[in-house]
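The values are calculated or read from the model by the stated rules, or taken from the named source; none is laboratory data. Because the structure is predicted, anything quoted here is derived from the model rather than measured. Heads up, the Cβs are rebuilt from the backbone with ideal geometry, glycines too, and the neighbour counts pull from every protein chain shown. Keep in mind that these areas ignore ligands, DNA and RNA; they rest on the heavy atoms of the full protein, side chains included. Shrake-Rupley method; radii C 1.70, N 1.55, O 1.52, S 1.80 Å.
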Amino acid sequence: MTARRRPPARLRFASLDPRARPVVRAVLAVAPEAFLVGGTVRDACLARTPAGNVDVDVAVPRGALELGRRLADRIGGAFLALDPKRGAARVVLGGARVDLADWRAPTLAEDLAARDFTVNALAVPLRSLVRDGVAAIVDPTGGLDDLAARRLRPPHPRVLIEDALRPLRGVRLEATLGFRLTPSTARAIRAAAAGLGRVSAERQRDELLLLLALPQAGRALRRLDALGLLAALFPEAEAMRRTAQPRPHRFDVLEHSLRAVEGADRLLARLLVFGDLTEDLGAHLAEDLGGGVDRARMLRLAALLHDVAKPETRRVVRGRVRFFEHDVRGAERARAIAERLRLPGRAVSLVERLVRHHLRPMHLAQSGEITERARYRFFRDLAEDSRDLLLLVIVDAAAVTGVSPLDAWRGSWVVRDLMAGWQEQREAVAAPPLLRGEDVMARFGLAPGPAVGALLSRSREAQALGLVRTRDEALAYLDSSEDAP
């Protein structure tokens, strides 16, 4: 077996992400005493170019706020004071983000030693790097050796306690870099896990969203669970773990839910299985729901939470274990969790709706066929979220016994039928309505209110089903309705 080579103790400017180089030059112009630090140096040492936006981390002896303002003015970017008291600022321009921070200690070496992990406790002087094209790497904690060994450890165990979000970040770095937490670090994380509850909801959310964006988010969630972090982030997980399920289920609720997330990972990586729907489905899952939160990540979160209310709804009726209304109660719980994490409003509503309706296709399948009326109402109620729900149904079904979600997709006629008919139903729902509120109020002598809305909904359904085609036919249809005024 070939030994891994230790990263060089000197970093070349050409090793940086090409997208970061002009940003680094701009920083040098306003902060000649600055050091490039953290993930920017780490990734350059690994010859790694991260996907997504460009992040550049800079440390200065003092004056980060003023330097940030000057940098924003120079490049035409937006300035944000992240922590005025501690001297931390951010400058954003397009797909580039520069974080500038004052040293948190009298010397650079002490500042680096207070960072989260040794592989991030690396620094390079900007002046030498840009002017000479190469610069010595400052490495006071052995980060270069850890890069070579592909291991993660903090400079000192106390840093995991000083910022209780760092254990969560360590799991994400494991998954992102393909490294491994050292045994002593894993023990320290378990000991510090309870502190995660003291971290602000916004910081928990941001780190969770980064984790949910990983191609193998399910595996990362399992690692969180093994280290005691999942229950710290989602206290509901412990009750899920203790709740067994009857046949045909093979797993307890938490294991089932983690397998559903893993199924979502696998399905999202293989969208080609959906044939002609692939391109449109991929664009749909990438839709920004606000704050950079996309549908794919919320699908994974819904997969984790879809059975969150099973522990509280578990009943034994005539010898059978039942979970009555766990979808209804679960939607309430899912909304509360999403709001607790300060997710954007559209993301909260999506997760709530997916949990609320995740049994609906199964109920349609039990009837043996999907009537046109049932099909219309499904797409009317779920609207743009209908495909997300169908994906959740696939991974939920696969996680019952642990089969592949691809097999579950091929074996579910109801999901295939609904997925194939989505475009046609969307067009039917989007067609201009034959009646307006004024028409209904005039016909039946009604004042504005719920009764008008109910009649318009009935007319809209009849129109979509092809039962009426003109305004007069729609009014006549309402005249003949049993519940007409």
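Can you pull the accessible area of residue 156 for me, 1.4 Å probe, Å² to the nearest 10?
80 Å²
I'd like the FRET efficiency for residue 427 and residue 216, computed as 1/(1 + (r/R0)^6) with the beta carbon distance as r and R0 of 35 Å, rounded to 0.05.
0.40
Could I have the simple spin-label model distance between residue 162 and residue 105, label points 7 Å from Cα toward Cβ, reported in nm to one decimal?
It is 0.7 nm.
Can you compute the FRET efficiency between residue 366 and residue 417 using 1/(1 + (r/R0)^6), with r the Cβ-Cβ distance and R0 = 22 Å? Round to the nearest 0.05.
So the FRET efficiency works out to roughly 0.95.
Between residue 374 and residue 92, what length in nm is gained on full extension when 0.36 nm per residue of separation is reduced by their alpha carbon distance?
96.7 nm
What is the pair-distance distribution P(r) of region 399-485, computed from all Cα-Cα distances in 5 Å bins starting at 0, with each bin given as a whole percent?
All Cα pairs, binned at 5 Å, distribute as 2, 13, 20, 16, 11, 8, 8, 7, 7, 5, 3, 0 percent.
Report in % the part of the accessible area of region 142-249 that belongs to carbon and sulfur, leaving out ligands and nucleic acids; probe 1.4 Å.
Roughly 52 percent, rounded to a whole number.
Per-residue accessible area for residue 362 at 1.4 Å probe radius, Å² rounded to 10?
For residue 362, solvent-accessible area is about 90 Å².
Go ahead and run the numbers for FRET between residue 81 and residue 438, Cβ-Cβ distance against an R0 of 60 Å, rounding to 0.05.
Efficiency for this residue pair is about 0.70.
Using the heavy atoms of the protein chains alone and a 1.4 angstrom probe, what is the accessible area of the chain per residue in square angstrom?
For the chain, the solvent-accessible area averages 47 Å² per residue.
Would you list 424, 255 from the most to the least accessible area, probe 1.4 Å?
Ranked from most to least accessible, the order is 424, 255.
Is there a quick way to get the dipole size of the chain? I mean about its Cα centre, with the Cβ of Lys and Arg at +1 and of Asp and Glu at -1; what is the value in debye to the nearest 20?
1800 debye
Which value, in Å² and to the nearest 10, is the accessible area of residue 384 when all protein chains are kept and the probe is 1.4 Å?
Counting only protein heavy atoms, the figure is 80 Å².
What is the distance in Å between the Cα centroid of region 226-289 and that of region 345-387?
Taking the Cα centre of each part, region 226-289 and region 345-387 sit 18 Å apart.
Once label points are set 7 Å from the Cα along Cα→Cβ at both residue 383 and residue 69, what is their separation, rounded to one decimal in nm?
4.4 nm
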